[in-house]
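Accompanying notes for the structure given below.
Rule-based calculations on the coordinates, nothing more; no lab input. Because the structure is predicted, anything quoted here is derived from the model rather than measured. Because the Cβ atoms are built from the backbone with ideal geometry, glycine has one as well, and the counts that use them run over all protein chains shown.
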Amino acid sequence: MAGDEKSSVFGDQAGSVELLWGGRERPSRGPKPALSVDRITRTAIAIADIGGLSAVSMQRVAGELDFTKMSLYRYVPGKTELVALMIDAAMGEPPGGGGGDTPGGWRAALRKWAEQLTVVFHRHPWLLSATIGPRVMGPNELGWTERAVATLADTGLTGAEQLDAVVVVSGHIRTIAQVSASMGLDSARAKDPEQVMSAALNELLVGRSDRFPAVAAAVASAAAGSARNQALEFGLERILDGLEAYISDRADGSVEQADEAGQGGSSGGSEQAGSGH
């Protein structure tokens, strides 16, 4: 798949394609290797889970494995390729089930997908920064996108609309996860973004409620309620409501079929629908 680096659309990231998609040969000379790409990747993930992506370096990983940094280069050319491997391994296998074999149809299936993506981001917060910008998607991450798009396959949406819908859903999940991460990774409340945000706003509003009366009233109302993860749930439900209404209008003929080559949307999502997918 990678092809010649000069002709590859991935350019200088062709090495990541080889590692992720199986085009790179394993070291064959010398004694049986004590290291493996998987072991290196898992060690790097463990480092990132504790200290963030900035804590990961070839030197640090080598030290954790009790090998020299040069030993790692026989398996992984550099940090760019290592991060690509980390992302795909951390994403893991995509969730099972599509719209057709999930009770509740496409909506329940896409909701389940979104909930499982939320779990992945909470388990590995560094994925939020690692999955920004041009990069190579691995088979696991692309599998997540495949699974989400498959839930919409029989809805009447065009291919471009299916991809864009997945980008919108994953974008909401990323935003809520980012709020949670930025307002206290080490907090016991980090998995409850609504409470994290409310606590921070409450502290900022002390003595300033007259200046920000609308925000103060909204925060007070939210604190009086018992809902958890309200921002996540509210946004996800409204996105699904919108999709359901649009799909219904399409079925009734209220919305014309968009031209996939033109009006269908960007269909590009590279913070990619899978993580970001």
HN-Hα couplings for region 238-251 via Karplus (6.51, -1.76, 1.60; θ = phi - 60°), in whole Hz with x for Gly/Pro, come out as 5, 5, 5, 4, x, 5, 5, 5, 5, 5, 5, 5, 5, 5
Extension gain ALA55-ALA216, at 0.36 nm per residue separation less the Cα-Cα distance, in nm?
-> 54.1 nm
For region 85-91, just list the computed ³J(HN,Hα) in residue order, Karplus coefficients 6.51, -1.76 and 1.60, θ = phi - 60°, integers in Hz, with x standing in for Gly and Pro.
-> 5, 4, 4, 5, 5, 5, 4
A correct Karplus calculation of ³J(HN,Hα) over region 68-80, with 6.51 cos²θ - 1.76 cosθ + 1.60, θ = phi - 60°, whole Hz and x for Gly and Pro, returns 7, 4, 4, 5, 5, 5, 5, 10, 10, x, x, 5, 4
Expressed in nm to one decimal, what extension gain is obtained for the pair GLU244 and TRP21 from 0.36 nm per residue of sequence separation less their Cα-Cα distance?
-> 76.7 nm
Any chance you could get the radius of gyration and Dmax over the Cα atoms of region 76-157, in Å?
-> 14.2, 46
Report the calculated FRET efficiency for LYS69 and VAL119 (r = Cβ-Cβ distance, R0 = 25 Å), to the nearest 0.05.
-> 0.15
